[in-house]
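Working notes for the structure below.
The values are calculated or read from the model by the stated rules, or taken from the named source; none is laboratory data. Only a predicted model underlies this, so the values are computations on that prediction, with no experimental measurement involved. Glycine also receives a Cβ, built like all others from the backbone with ideal geometry; neighbour counts cover every protein chain displayed.
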Amino acid sequence: MSQTKLDAINTCLRGIGIAPVATEDDPDLDAATASQVINQVAMNIQSRGWWFNKESNWYISPDETTGYISAPSSALSIVTSGASRNEGLTIRDNKIYDLYNHTYDLRDRACSEPGSDILYIEFTFITELSFEDMPPVARQAVTFAARRQFAQDLEVDKSRYEFQAKDERIAYDNLLRENARNNKRNPFRDNSSIALFMNRAGGYNSNQYSYAVFPKRVT
């Protein structure tokens, strides 16, 4: 099971019969191509949204002057949640865009807690993690998918990457099972204390944003 991106790169290289490299930034053209394939496959897989990269409890206030909200740099997509779950928002030009009113000005879409004048929109973001930040089962799924894609792109012997596709399917099934297992624990996230802890822990970009943490609302 790959633990680093270098391991994944060398898995791709060995998949087509090429000797491994010693460093991730090796100038070898095949190694560089393998790295690019791994990045693309990792983004494609993560864009689905899994237990490890779906971050809830983001409360972000629109800019007081423009009404804009910048999306986290790692965000692949957003799911509005809580009182904002029907807001019809998406990411466009690295900002949150209102699909209904066709504007980036979100001040009219924001809400506040009773007794508070802080306006905010609650989000769940699907974020893109680096290879090493993904859990091992996800790294394995990315590695085997990238190995097959790398071999297929280079048009090596078809029987080779068809055999590799079997490993890819097994690894992806393992990822699906782990996701289902973790999703069964989601009811615990409704506990306000656990939700607050998860919000504070957040993702590796969380500290870039100033956002209010409110008690769980009863709707």
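State whether one or more residues within region 67-85 are closer than 30 Å to Leu29 by Cα and either touching a Phe, Trp or Tyr at 6+ places or on another chain (Cβ under 6 Å) or in a helix (DSSP H, G or I) (or both).
So in region 67-85, the residues closer than 30 Å to Leu29 by Cα come out as 73-76.
Filter once more, keeping what is either touching a Phe, Trp or Tyr at 6+ places or on another chain (Cβ under 6 Å) or in a helix (DSSP H, G or I) (or both): 75.
The answer is yes, given that some residue of region 67-85 is closer than 30 Å to Leu29 by Cα and either touching a Phe, Trp or Tyr at 6+ places or on another chain (Cβ under 6 Å) or in a helix (DSSP H, G or I) (or both).
Go through region 95-125 and count every residue that is loosely packed, with under 15 Cβ neighbours inside 10 Å, at pLDDT 90 or above and out of contact with any strand residue (DSSP E or B) (no Cβ under 9 Å at 6 or more places or on another chain).
The qualifying residues number 2.
Does any residue in region 51-63 that is in the same structural domain as Arg109 (by TED's automatic domain parsing) and over 17 Å from Ser77 (Cβ atoms) come within less than 6 Å, Cβ to Cβ, of a residue that is in a strand (DSSP E or B) and of a type in the set (D, E, K, R) six or more places away or on a different chain, and which pairs are these?
If the second residue must be in a strand (DSSP E or B) and of a type in the set (D, E, K, R), the pairs left are Tyr59/Glu122.
Quick check: is even one residue across region 27-39 at pLDDT 95 or above, part of a loop (DSSP other than H, G, I, E, B) and touching a helix residue (DSSP H, G or I) at 6+ places or on another chain (Cβ under 8 Å)?
Within region 27-39 (the criterion being at pLDDT 95 or above, part of a loop (DSSP other than H, G, I, E, B) and touching a helix residue (DSSP H, G or I) at 6+ places or on another chain (Cβ under 8 Å)), the answer is no, since none of the residues qualifies.
Residues that are part of a loop (DSSP other than H, G, I, E, B) and in contact with a helix residue (DSSP H, G or I) (Cβ under 6 Å, 6 or more places away or on another chain): does region 99-117 have at least one? Quick ask: steps written out before the conclusion?
Applying the first criterion (part of a loop (DSSP other than H, G, I, E, B)) to region 99-117 yields 99-102, 104-106, 110, 112-117.
With in contact with a helix residue (DSSP H, G or I) (Cβ under 6 Å, 6 or more places away or on another chain) added as a condition, the list becomes none.
No.
Given the residues Ile38, Ile60, Ile45, which is the only one that is more than 30 Å from Ala151 (Cβ to Cβ) and among the aliphatic types (A, V, I, L, M)?
Ile60
Given Arg14, Arg92, which one is basic (Lys, Arg) and either crowded, with 21+ Cβ neighbours inside 10 Å or not assigned by TED's automatic domain parsing to the domain that holds Arg160 (or both)? Before you say what the answer is, go through the steps one by one.
Values: Arg14 fails: either crowded, with 21+ Cβ neighbours inside 10 Å or not assigned by TED's automatic domain parsing to the domain that holds Arg160 (or both).
Only one candidate qualifies: Arg92.
How many residues are under 20 Å from Phe125 (Cβ atoms) and touching a Phe, Trp or Tyr at 6+ places or on another chain (Cβ under 9 Å) if we restrict to region 94-110?
8
Please verify whether region 134-147 includes one or more residues that are small (Gly, Ala, Ser) and without any contact (Cβ under 8 Å) to a residue 60 or more places away in the chain.
Residues of region 134-147 small (Gly, Ala, Ser): 138, 141, 145-146.
Now drop any that are not without any contact (Cβ under 8 Å) to a residue 60 or more places away in the chain, which leaves none.
So far as region 134-147 goes, no, none of its residues is small (Gly, Ala, Ser) and without any contact (Cβ under 8 Å) to a residue 60 or more places away in the chain.
When you go through Val137, Val156 one by one, which is the residue that is in a helix (DSSP H, G or I), β-branched (Val, Ile, Thr) and out of contact with any strand residue (DSSP E or B) (no Cβ under 9 Å at 6 or more places or on another chain)? Before the answer, list the steps.
Numbers: Val156 fails: in a helix (DSSP H, G or I).
Among Val137, Val156, only Val137 is in a helix (DSSP H, G or I), β-branched (Val, Ile, Thr) and out of contact with any strand residue (DSSP E or B) (no Cβ under 9 Å at 6 or more places or on another chain).
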